Amino acid sequence: MGALWIGLAAVVCLTWGSVLLTFPEPIARFSRKVQGEFWGGQFTPELSRFIGCGFVLGGVVVAVTLLVHILRG
């Protein structure tokens, strides 16, 4: 059961990171609309890409951890 949750976490991290890397402009625009100009202005497309890289890296780490867990048995 634990492997299922680890696999799900890997899929979610990789998917969300890919979305942030692929569409940084609309996400930054949406955050400005929701948070207002001051706080929303902090979320630039570059920051969205940076956060997306973190999610992708985290997803890869989780996926490798799952693979090692499965291979070790």
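The values are calculated or read from the model by the stated rules, or taken from the named source; none is laboratory data. Keep in mind that this is a model prediction, so the values were computed, not measured. Heads up, the Cβs are rebuilt from the backbone with ideal geometry, glycines too, and the neighbour counts pull from every protein chain shown. Each accessible area value is taken on the protein alone, full model and side chains, heavy atoms only, with ligands, DNA and RNA left out. Shrake-Rupley method; radii C 1.70, N 1.55, O 1.52, S 1.80 Å.
Scoring Gly36 on the criteria (1) open to solvent by 90 Å² or more (accessible area, probe 1.4 Å); (2) more than 30 Å from Ile6 (Cβ to Cβ); (3) not aromatic (Phe, Trp, Tyr) leaves a single failure, condition (1). Just wondering, is there one or more residues in segment 12-28 that are out of contact with any Gly (no Cβ under 7 Å at 6 or more places or on another chain), open to solvent by 90 Å² or more (accessible area, probe 1.4 Å) and not in a helix (DSSP H, G or I)? For segment 12-28, residues out of contact with any Gly (no Cβ under 7 Å at 6 or more places or on another chain), open to solvent by 90 Å² or more (accessible area, probe 1.4 Å) and not in a helix (DSSP H, G or I): present. Take the conditions surrounded by fewer than 16 Cβ atoms within 10 Å (Cβ to Cβ) and modelled with pLDDT under 90 and apply them to Leu4. Does it pass? The answer is yes for Leu4.
Taken over segment 44-60, the criterion of being open to solvent by less than 80 Å² (accessible area, probe 1.4 Å), without any contact (Cβ under 8 Å) to a residue 24 or more places away in the chain and not polar (S, T, N, Q) is satisfied by Pro45, Leu47.
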